[in-house]
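Laboratory data are not the source of any read-out in this text; all were calculated from the coordinates shown. Everything numeric in this text was worked out from a predicted model, so none of it was measured. Counting neighbours? That spans all protein chains shown, and the Cβs are built from the backbone with ideal geometry, glycine included.
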Amino acid sequence: MALAETRQQEKGRQGEDLACRYLEGQGLVVLSRNWTCRDGELDVVAVEDGRLVVCEVKTRTTPRWGRPDEAVDQRKLSRLRRTALRWLASHHVGWCEVRVDLISITWPATGEPILQHLRGA
């Protein structure tokens, strides 16, 4: 079981790396990765045109547990928004517009990953 968890964590990290390269290619500037506080974790925090963009990255290798985007529900989105406010406070950033995005990556064992970016989840 520990080996499977390690593989999942590694694939998750690879997915976040891919997501960051994609976001930077789209002109966003990545400010933080895997930022944590008592309210939760932010996978990627970036900025685009003066707007803070919080990206939840979900990577799946198999459809066994559903599509990656199905793992993010309203409760998770609320937690991401609260955590984003904590990020702003901890970095001494005054009010700014915050957008929550979802990056869904399907990465089969063979073949190339498929990345989908949902802005304003």
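With a 10 Å Cβ neighbour count serving as the proxy for reagent exposure, in which order, fewest first, do TRP95, TRP35 appear?
On the way: TRP95 7, TRP35 19.
The most exposed by this proxy come first: TRP95, TRP35.
Kindly provide the trypsin sites (Lys or Arg not before Pro) of segment 1-54 that DSSP labels as loop, not H, G, I, E or B, and whose Cβ sees at most 12 other Cβ atoms within 10 Å. Before the final figure, lay out each step's value.
Details: sites: ARG7, LYS11, ARG13, ARG21, ARG33, ARG38, ARG51; in loops: ARG38.
Passing sites in segment 1-54 are ARG38.
How would you rank VAL57, VAL93, going from fewest to most other Cβ atoms within 10 Å of each one's own Cβ? Display every interim value, and only then the final one.
Values: VAL57 25, VAL93 12.
The most exposed by this proxy come first: VAL93, VAL57.
In whole Hz, with x marking every Gly and Pro, tabulate ³J(HN,Hα) for segment 22-36 from phi via Karplus 6.51 cos²θ - 1.76 cosθ + 1.60, θ = phi - 60°.
Ordered by residue, 3J(HN,Hα) equals 4, 4, 4, x, 8, x, 7, 10, 7, 9, 8, 9, 6, 7, 10 Hz.
Report ³J(HN,Hα) in whole Hz for each residue of segment 60-70, in order, from the Karplus equation J = 6.51 cos²θ - 1.76 cosθ + 1.60 where θ = phi - 60°; Gly and Pro get x.
10, 9, 8, x, 3, 9, x, 5, x, 5, 5
Taking a point 7 angstrom from the Cα of ARG7 along the C-beta vector, which residues in segment 96-112 have backbone N less than 19 Å away?
The answer is 105-112, whose backbone nitrogens lie closer than 19 Å to the label point.
Could you give the dipole magnitude of the chain about its Cα centre, charging the beta-carbon of Lys and Arg +1 and that of Asp and Glu -1, in debye to the nearest 20?
Details: 19 positive and 17 negative charges, 74 e Å.
It comes to approximately 360 debye.
For ASP101, list long-range residues whose amide hydrogen, built 1.01 Å from N in the peptide plane, is under 5 Å from its own amide hydrogen.
Under 5 Å from the amide H of ASP101 lie the amide H atoms of VAL54, CYS55, GLU56, GLY120, ALA121, each far enough along the sequence or on another chain.
For segment 3-121, state what percent of all Cα-Cα pairs lands in each successive 10 Å bin, counting from 0 Å until the bin that includes the largest distance.
All Cα pairs, binned at 10 Å, distribute as 13, 47, 32, 8, 1 percent.
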